[in-house]
1. Once you put a point 7 Å from the Cα of residue 333 and another 7 Å from the Cα of residue 145, both along the Cβ direction, what distance in nm separates them?
2. Classify region 267-406: rounded, prolate or oblate, from the alpha-carbon gyration tensor (a ≥ b ≥ c, eigenvalue square roots; a/c under 1.5 rounded; otherwise prolate if a/b is larger than b/c)?
3. With each pseudo-label sitting 7 Å past Cα toward Cβ, what's the residue 300-residue 74 distance in nm, one decimal?
4. Would you mind getting me the FRET efficiency between residue 48 and residue 379? Use the beta-carbon distance for r and R0 = 35 Å, nearest 0.05.
5. At 4 °C and a viscosity of 1.567 mPa s, what translational diffusion coefficient does Stokes-Einstein give for the chain, taking Rh as the Kirkwood radius over Cα pairs? Give it in µm²/s as a whole number.
6. If you find the alpha carbon centre of region 324-388 and of region 118-136, how far apart are they in angstrom?
7. Residue 387 to residue 179: FRET efficiency via 1/(1 + (r/R0)^6), r the Cβ-Cβ distance, R0 45 Å, to the nearest 0.05?
8. Evaluate 2.2 N^0.38 Å with N set to the residue count of region 43-261, then give the Cα radius of gyration divided by it.
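Here, each number is a calculation from the coordinates, and none is a lab measurement. If you're wondering where the values come from, they're calculated on a predicted model, not measured in any experiment. Neighbour counts run over all protein chains shown; Cβ positions are idealised from the backbone, glycine included.
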């Protein structure tokens, strides 16, 4: 049987063999995505999502907070993405949706029914050419239209890298502001799916960190996906919108049916704390939530390995949401209060997003840090063809890093 990687296997030896342990309950001891308290499962909670801005005819201005009479509908993430595109197409006659197989709904069904609703001249398939898809989007946006392109998997965005980094990101700069492609949004599924391996479970957001002129956004839930996607489509800059694959169906919320946006470039504090800042985005948000539960309320098999004095630690959990630009002010303010930072992401450690964040926070918060900044990431190898869960940062590795940082 496989053991847990590196230090975690030594800290938690009883998890390798539990033949003498009582079997866990059917749902497990830890919160899952389906049972997460981070998700907003009621109408009232959904309508009061932080920084939500209504943009429909019922709001006197985009910033007006009106919740009376508004409705929500239970949606998973792919349905929320589809709802956002439907609103964008209905309100913007210049908007088109295109990509491989999008006319019949796409691999993850995010465009289901849009071609029938808006016509195949506005929702249409393209040849299998990522460079061509983005190149067409760049030209379409240059003409003043709204281009919503889909790259079927983020793993295949690399043929379009030149169009994104050398063209879309630089057109406004090189033309002195005369031209821009602010109407371009690239949607793409990202992160691990449990069995995707080296070609369908990658997290390539870090490759775009140096591309000034682009924005990169990763939502964690249906409400976030709809609001951030509408914000991306209407943002005056080209945006790469990365949708975590495993959350398409597993994350479910009550989502407002009206038109609304959430701000790009702003992180959200999900759990307030004073002793350590835990920063992540996308699917690992839920692994971090499970790790915090594991820390504060360990099951019997874990109790000998979770230091009793650390169980009462108040950990601040932050969802970064926007990878580029990232919300340095919110993160720095949190770390200045807590004195510790652990960063979690699925991509490999070397030159990952966590490296850039670590460098900047170390510079801004050096005198306040009580421990070295810790990164919990995927390994610097291709994503495994088997045992993918050992590649990604799971709750065990996260709680191990949190305890090490708290006890430094």
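1. 4.2 nm
2. Details: a/c = 1.72, a/b = 1.06, b/c = 1.62.
It comes out oblate by the Cα gyration axes.
3. Reported label-point gap for residue 300 and residue 74 is 3.4 nm.
4. Values: r = 40 Å, r/R0 = 1.13.
The pair residue 48/residue 379 has a calculated efficiency of 0.30.
5. Numbers: Rh = 22.0 Å.
The Stokes-Einstein estimate is 59 µm²/s.
6. 36 Å
7. Numbers: r = 48 Å, r/R0 = 1.07.
That pair, residue 387 with residue 179, gives E of 0.40.
8. Numbers: Rg = 16.7 Å, N = 219, 2.2 N^0.38 = 17.1 Å.
Dividing the Cα Rg of region 43-261 by 2.2 N^0.38 Å gives 0.98.
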